[in-house]
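Single-structure report; data block below.
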Amino acid sequence: MNHLKKLLFCCLLIALTATVAVFAQEAKNALLIANNNYSGSIPPLTEPVGEARDLKRALESIGFSVIIVENADRERMEDVLFSFKEKCKNDGGIAFFHYGGHAVQIDGVNYLLPARTSLDRIGQVRGKCVNVNNLMKNMQGDVNIVVLDSCRNNPFSSGTRGGAKRGLAAIDTKVKNSIIVYSADSDEEARDGVFTPILTQYITEPNLSITELLIKVRNEVLNKTGNQQEPAEYGKLLGQVYLAGRDSGIASKTLKGFLDISIYTLASVVIDNEYVGEVEGF
C-alpha cells in the first residue's frame, strides 16, 4: 500500500509538469546573416553585425539553436542557406531567418547583396546577389519566419540605378505556414539601427504570439521614427506561434505530505488513462 501511495504521488507530479515538458522539446532553428562590409559604389553599413549578435543571444535564451554568418560572400550565403534547409527539413519545428544588410529590388524581384559586392551596373545583380524568392524555398520548417531588415535606400549611385527601386517589393514566393516580416513596408525605406534592436527587445517575452510581438514592434518603430517607418508583414500562418513559449496554465509545484486512499472494496487505480495498480479494501 505504501508503494502504491508513492507511485500515485510521483504520477501526480509528472502530470502537473507534462505540458511544459512537451513544449520545451519543440525544435527551434535560426539562421542570421549580417553584412556590414561593402565596396565600390555600395556604401558600408555600421549596424547589421552588432544587431545580429544581440539577436543571437536573445534567441538562444529562449531555446533556439542559432547559426550566425557575418559579412558573407554569395557562395557562403548560398551554402549556409542550403545547410539550413536540410536541418529544418530534418528537425521540423520553427525555422527563423533574419537578414541585415543591403538589398535591392529590380523589376519587382528582391535581391540580398553579399558582403564586399562590387557592381558596375544593375545587370550584374542577378548573377552576383541572392534572389529572395530562392531563399524562401530554403525555409522548410513546420513554421517559417523570414525577417528582412534591409529596406534601405537604393545603394547604387545615380549612374547605376537602371531598373532598381528603393525599398523591397512584396515577395511572390510564399511558403506554407509562414510569415515574412519587413523592417519597413514594401517600396519604403528603413532607417539603420531601429527595427532589429526593437525586435530583439520583445522577442524574449513569453506568452506573446508572433502577431502580438509584431504589433508591439510596429508601434515602437513608428514612435521612434516619428511615423516615418512602418514595419509590415505578409503571413500565411495556420495558427498562433509563440517564439518564447507559452504557459500551459498548469504550473509545476512540489507537494508535501502523503496521498491517502480509503476504499471499502477492491479497486483499480488509473491516472491519465494509465493503469497504476490495485488497492485492496480496508
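The values are calculated or read from the model by the stated rules, or taken from the named source; none is laboratory data. Please read all numbers here as calculations on a predicted model, not as lab measurements. Note: ideal-geometry Cβ built from the backbone for every residue, glycine included; neighbour counts use all protein chains shown. Heads up: the accessible areas ignore ligands, DNA and RNA and are worked out on the full protein's heavy atoms, side chains in. Shrake-Rupley method; radii C 1.70, N 1.55, O 1.52, S 1.80 Å.
The table that follows gives values for the structure above.
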{"item": "Of Lys56/Lys224; Lys56/Lys87; Lys56/Lys137; Lys87/Lys137; Lys28/Lys137; Lys89/Lys216, those spanning more than 20 Å from alpha-carbon to alpha-carbon", "result": "Lys56/Lys224; Lys56/Lys137; Lys89/Lys216"}
{"item": "Added length on full extension, which subtracts the Cα-Cα distance from 0.36 nm per residue, Thr211 to Leu238", "result": "8.5 nm"}
{"item": "Estimated FRET transfer efficiency (Lys89, Ser118; beta-carbon r; R0 30 Å; 0.05)", "result": "0.30"}
{"item": "Extended-chain gain in nm, criterion 0.36 nm per residue less alpha-carbon gap, Ser65 and Leu266", "result": "67.2 nm"}
{"item": "Interchain or long-range residues, amide H under 5 Å from Ile68's placed H", "result": "Leu32"}
{"item": "Shape category assigned to region 171-250 from the gyration tensor of Cα positions, a/c cut at 1.5", "result": "oblate"}
{"item": "Fully extended contour minus Cα-Cα distance, from Arg126 to Arg76, at 0.36 nm per residue", "result": "16.4 nm"}
{"item": "Three-way shape label, region 72-154, alpha-carbon gyration tensor, a/c 1.5", "result": "prolate"}
{"item": "Positive-end residue, region 23-112 charge dipole about Cα centroid, Cβ charges, pick of Ile67, Leu45, Tyr99", "result": "Ile67"}
{"item": "For region 20-94: rounded, prolate or oblate by the Cα gyration tensor [a/c cutoff 1.5]", "result": "oblate"}
{"item": "Environment charge at Arg246 (Cβ cut-off 14 Å; Lys +1, Arg +1, Asp -1, Glu -1)", "result": "-3"}
{"item": "Other-chain or far-sequence residues with amide H under 5 Å of Gly245's (modelled H)", "result": "Asn207"}
{"item": "Ile203 accessible area, assembled protein chains, probe 1.4 Å, Å²", "result": "0"}
